[in-house]
């Protein structure tokens, strides 16, 4: 591509560059906005809107700082203000961020799921919802108890569901380029090698948690025979799932011409 | 009803089978469903035979006429069809699967079917639920669930109506908040599900908002099995408008192509070529009295199911069974006395019903037995195996005769009674049967279906 010669613009050139930066900022903010809304299509609408607004503001701040710098004005004060605002925002959202982080880790490391009966501190009930901030328990008295997710990282959690030890739940994210039916079929074939350590009455169960145009969040549930096999089965199942994902992500080679085939 | 529901049907057997191989590769303009308006039924495609399609198509038509549903979609397995087609106000979608996967899927489907029909000692979970074949069975169900999900995103359905045991896992794989109805079409007897399969079945069943069984006995067995969710009994049904009633002369003219003479006493057996359908029992019973009734002829109608057809899963069961029956006919010296018609068209089937003296349903196990209802519609007496679900509506000697399919002599005795009859008994059984058919006809069933869907979807 041949770039236009902007030299004749002389002193106006920085303003032209600033205008270009702002135009790119505008386009980027729109594209990222669209992406966030589509990725968060199954989240609460106000959370999706807030996230996209926050990201927009961030992109615009960076764009404006760069544009202002381009026209030769010092941005030190502006950067300081933005930095302080950022720190203030993080402090203000500390608890929310802690809960969201705790949800990520408890998903992976704390063995309970929707439908299980759990005891956390003085609260006991059936898990009916796990959202990014809290886990909702329905008590025997029909009361709704909302437990901040960070409590699950700092408290002893007792899963009182009968034979809860049998279940190994593995969260999986599958990108949209992978055919889910093929993924399920391959995972089942691969996991059949572990069947000596799994309860033969319960084949692997793959259930959907959330989905957006980019990924499908699934939970693979396995039922082990012996409590002592939990760790080894989890590790091996994770490895096998990763291998299947890797295999299916790799573009298929056309046997005849060696060209890559698009994922189905 | 305030607004018409948007319904999505899911069956394994497709409504249409495509006879023209070129049709499978044809796509509609702009990837829209291919309109079958310019193609010809009978040469380019045909409606699949079998109870499920025979029941569901008239239901959708009727609910459409009643204004209860609009723009229904229908998803089924069909590797040899176009991606989607528009037919008779419906949009039909085909789930594709490679031949190799189809074979694995077919193996599991057949195993479950055999267990339900009590013909084989159940395999343990190790031999079934952990096999590569089960992975293909899961593949098919997941592919179906994914297609149903995508269609819902585009069409915002009100309810999914999933038919038959092959589709059972679909409910658990379909993570949509829409109500899901599951209709079980094959037998469900007490103790049928092997204890080791129980948890898997329970897991699949619990994802449905309503489970429909064909008889009260099956519903009780489902409860005994431990299922506590919503469930109902609804008899299968047919639409009388789908049948024609040719005059005796017209019927004879059609039947002449199979060598049926005007003076022949025709006994009719309608059912696909499958050991479960017990055609061998009918032939053996017929053999015991063939010499006493020299004008009697046994006519067996039907070929393979979708599963055993070349357009379907291409399982060879149907052909093998037919060959076995031909050998049996030869061994018993019944050539010329037993006719195997293979697949017949609906007008031909109607002619055969009208031409016969009575019908026989000799199945070793039968989910329901809509051919009995068809016999009644044609005002023909019927002799029914006591292993068929429809016996729940039968009062032996009043609206039909009932026999034990494990005893050839039991059927032979009933055949003798009806062949020897002056016509009075056959007439009485047929007329009473005609009156019994009421709950198995679309008029009654459509209202029941609407009430059930309303219960599931909400007012």
For an R0 of 35 angstrom, estimate the FRET efficiency from the Cβ-Cβ distance between residue A:95 and residue B:202 and round to the nearest 0.05.
0.30
What residues from the range B:201-229 fall in the zone where the backbone N is under 19 Å from a label point 7 Å along the Cα-to-C-beta line of residue A:163?
B:201-207, B:225-228
Separation between the residue A:226 and residue A:131 pseudo-spin-labels, each 7 Å from Cα along Cα→Cβ, expressed in nm?
4.3 nm
Rh (Kirkwood; distinct C-alpha pairs) - the protein assembly as shown, Å:
29.7 Å
Out of every Cα pair in chain A, what percent are spaced more than 31 Å from each other?
49 percent
Convex hull around the C-alpha positions of the range B:326-383: the volume in Å³ per residue is 115 Å³
What's the exposure ranking of A:167, B:127, going from fewest to most Cβ atoms within 10 Å?
B:127, A:167
Footprinting proxy, B:11, B:341, A:235: sorted fewest to most Cβ within 10 Å, the residues are A:235, B:341, B:11
Shielding of A:175-181 by other chains, given as the mean Cβ count within 10 Å, works out to 4
Sequence gap at least 6, Cα distance under 8 Å: using those rules, report the relative contact order of chain A to the nearest whole percent.
13 percent
Taking every Cα atom in the range A:73-135, find the radius of gyration and the maximum pairwise distance Dmax, and write them in Å.
18.6, 61
Hydrodynamic calc, chain B: Kirkwood Rh from Cα pairs, then Stokes-Einstein at 20 °C with viscosity 1.002 mPa s, so D in µm² s⁻¹ is 94 µm²/s
Suppose a student asked you for the relative contact order of the range A:111-159, using Cα pairs under 8 Å spaced at least 6 residues apart; what percent would you report?
35 percent
Extent along principal axes [Cα atoms of the range B:166-226; Å; largest to smallest]:
32, 25, 19
Can you give me the pair-distance distribution of the range B:406-451, C-alpha pairs, 10 Å bins, whole percents?
23, 29, 27, 18, 4
Between the range B:182-238 and the range B:328-382, how many Å separate their Cα centres?
30 Å
Other chains near B:188-200: what is the mean number of their Cβ atoms within 10 Å of each residue's Cβ?
1
Kirkwood hydrodynamic radius of the range A:9-86 from all distinct Cα pairs, in Å?
13.9 Å
Give me the compactness ratio for the range A:164-250, meaning the Cα radius of gyration over 2.2 N^0.38 Å.
1.06
Find how many whole Å separate the alpha carbon centroid of the range A:201-242 from the alpha carbon centroid of the range B:270-302.
53 Å
P(r) for the range A:111-159: what percent of alpha-carbon pairs falls in each 5 Å bin, starting at zero?
5, 24, 38, 27, 5, 0
Enumerate the whole-percent occupancy of each 10 Å bin, from 0 to the last occupied one, for all C-alpha pair distances of the range A:122-186.
16, 36, 26, 19, 2
Would you mind checking the radius of gyration and Dmax of the range B:240-440 based on alpha-carbon positions, in Å?
15.6, 46
Peptide B:133-141: average number of partner chain Cβ atoms within 10 Å per residue?
5
How would you rank A:84, B:357, A:136, going from fewest to most other Cβ atoms within 10 Å of each one's own Cβ?
A:84, A:136, B:357
Estimated inter-spin distance, residue B:245 and residue A:49, nm [label 7 Å along Cα→Cβ]:
6.4 nm
Based on the Cβ-Cβ distance of residue B:25 and residue A:140, what FRET efficiency does E = 1/(1 + (r/R0)^6) give at R0 = 45 Å, to the nearest 0.05?
0.15
Cα convex hull of the range B:168-296 - mean projected area over all directions, nm²
12.4 nm²
Using the basic label-point model (7 angstrom from Cα toward the beta carbon), what is the residue A:219 to residue A:12 distance in nanometres?
6.3 nm
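All of the numbers you see were taken from the coordinates with simple rules; none came from a lab. None of these values were measured; they are calculated from a predicted model. Glycine gets a Cβ as well: all are built from the backbone with ideal geometry, and neighbour counts include every protein chain shown.
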